[in-house]
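Trainee: First, the structure itself, so that you have it in front of you.
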Amino acid sequence: MKCLLATSNPHKLQEIQAVITDPSLTIVTLKDIGLEIDEPVEDQPTFEGNAQLKAQYYADASGLPCFADDSGLEVDALNGAPGVFSARYSGMTGGRDVVDPANNQKLLDELGDRPVEQRTARFVCAMAMCNPETGTEKGGTEKGVRNLFDKPIIVRGTIEGRILGPGDAGYAVDNPKGIGENGFGYDPLFYVPELGKTTAQLSPEHKNQISHRGHASRLMWDQLKALINR
Ligand code: ITT
């Protein structure tokens, strides 16, 4: 089975491709198929809604079954913010090298000097897989693929942790770099107490074993495998 993995985030691409490696599924990327279209507007109130919106948009544009994730950070003391606005929390635009530190600084500003026990948070990843809409011109997928599933498949993975805070190594209220060099986004500020590390201090393999995206990718693959082997 061939399907499109739709993301413009190279870190996500690597993380998902490292988990879903079965030869019965050929994953192609937007770059592989030369699909250069505007990104959809992610205007849904839930991660699941945005994941489905993205997957359906690119499935329709490509004619391939497509999966996409919408993910982000929920901080309890901020009533779940930044949530679905995680990618654009600070309002800064540009490359990830400027947007990520700006988002991280905004998060530290919002949390202020709250003690670590009030900084609990989780990463959430909703992943959706959609077929091209039936009955449209674009719906011509490869033989045998279309009928594997009728409705979108939607799964969710999470990882619990907290945001670095007073007393933690690498923490200062004006230091958006946090601690650790791996990963992306909020990883340098996302501390997993059981490991005594941020997710930016984990190897890619270790992050995939425990992360929201790793969990969601495995759940998605379990469902697809069951359909392929039906
Ligand atoms: P696509 O929409 O093209 O897939 P994106 O980066 O814009 O890429 P989202 O809309 O799903 O993706 O936004 C996710 C944001 O949430 C991301 O930019 C980070 O700020 C944050 N995030 C999600 N997963 C993360 C992770 O594993 N580590 C750190 N931050 C993460």
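A short reminder: the numbers here are calculations on the coordinates, not readings from a lab. Since the structure is predicted, the reported quantities are computational estimates derived from the model, not experimental observations. Quick reminder, even Gly has a Cβ in these numbers, built from the backbone with ideal geometry, and neighbours come from all protein chains shown.
Trainee: What percent do you get for the relative contact order of the chain when only Cα pairs under 8 Å and 6+ apart count?
Mentor: Values: 454 pairs, mean separation 47.5, N = 230.
Once divided by the residue count of the chain, the mean separation gives 21 percent.
Trainee: Ok, one more. Could you work out how far the C-alpha centroid of segment 10-35 sits from that of segment 156-230, in angstrom?
Mentor: 20
Trainee: Putting +1 on Lys and Arg Cβ atoms and -1 on Asp and Glu Cβ atoms, find which of Ala68, Met92, Ile153 reaches farthest to the positive end of the dipole of the chain.
Mentor: Going by the Cα projections, it comes out as Ile153.
Trainee: Can you list which of the GluC sites (Glu not before Pro) found in segment 152-230 are DSSP loop residues with at most 11 other C-beta atoms within 10 Å? Could the numbers behind the result be given before it?
Mentor: Values: sites: Glu160, Glu181, Glu194, Glu205; in loops: Glu181, Glu194.
Within segment 152-230, the qualifying GluC sites (Glu not before Pro) (loop, at most 11 other Cβ atoms within 10 Å) are Glu181, Glu194.
Trainee: Counting only DSSP beta bridges with both residues in the chain, what percent are antiparallel, rounded to the nearest 5? The partial results should precede the final answer.
Mentor: Details: 25 of 31 bridges.
The antiparallel fraction comes to roughly 80 percent.
Trainee: Quick one: if the Förster radius is 22 Å, what FRET efficiency do Leu195 and Asp97 give, using the C-beta to C-beta distance and rounding to 0.05?
Mentor: Numbers: r = 26 Å, r/R0 = 1.19.
Between Leu195 and Asp97 the formula returns 0.25.
Trainee: Also: With everything on Cα atoms, drop me the angle between helix 212-228 and the longest principal axis of the chain, reported from 0 to 90° to the nearest 10.
Mentor: 20
Trainee: Under the rule a/c < 1.5 gives rounded, and otherwise a/b versus b/c splits prolate from oblate, where does segment 153-213 land using the Cα gyration tensor? Could the numbers behind the result be given before it?
Mentor: Details: a/c = 2.00, a/b = 1.87, b/c = 1.07.
Because a/c hits 1.5 or more and a/b exceeds b/c, segment 153-213 counts as prolate.
Trainee: Excluding same-chain residues fewer than 8 positions from Lys12, which lysines have a Cα within less than 23 Å of its Cα?
Mentor: Lys12 reaches Lys2, Lys31, Lys54, Lys106, Lys177, Lys197, Lys207, Lys225.
Trainee: A follow-up question, please. Nearest 10 degrees, 0 to 90: what angle lies between the long axis of helix 96-111 and the longest principal axis of the chain (Cα atoms)?
Mentor: It works out to around 50 degrees.
Trainee: Ok, one more. Taking the Cβ of Val98 as the centre, find all other residues whose Cβ is under 14 Å away and add up their charges (Lys, Arg: +1; Asp, Glu: -1).
Mentor: On the way: positive: Arg88, Arg96, Lys106, Lys177; negative: Asp97, Asp100.
Within the 14 Å Cβ shell, the charges total +2.
Trainee: At 222 nm, what helix-only mean residue ellipticity would the chain give, in deg cm²/dmol to the nearest 500, using -39500 (n - 2.57) for each DSSP H run of four or more? Don't skip to the answer; put the middle values down first.
Mentor: Numbers: 5 runs with 66 residues, N = 230.
Helix-only estimate at 222 nm: -9000 deg cm²/dmol.
Trainee: Follow-up question, since we're still on this one. Relative to the longest principal axis of the chain, what angle (0 to 90°, nearest 10) does the C-alpha long axis of helix 10-19 take?
Mentor: 70
Trainee: Each residue of segment 183-191 in turn: what ³J(HN,Hα) in whole Hz from Karplus with 6.51, -1.76, 1.60 and θ = phi - 60°, glycine and Pro shown as x?
Mentor: Listing the rounded values in order: x, 7, x, 7, 3, x, 10, 9, 9 Hz.
Trainee: Which residue, chosen from Ala81, Ala121, Asn103, occupies the Cα position most advanced towards the positive end of the dipole of the chain, where the dipole is computed from +1 (Lys, Arg) and -1 (Asp, Glu) charges on Cβ about the Cα centre?
Mentor: Ala121
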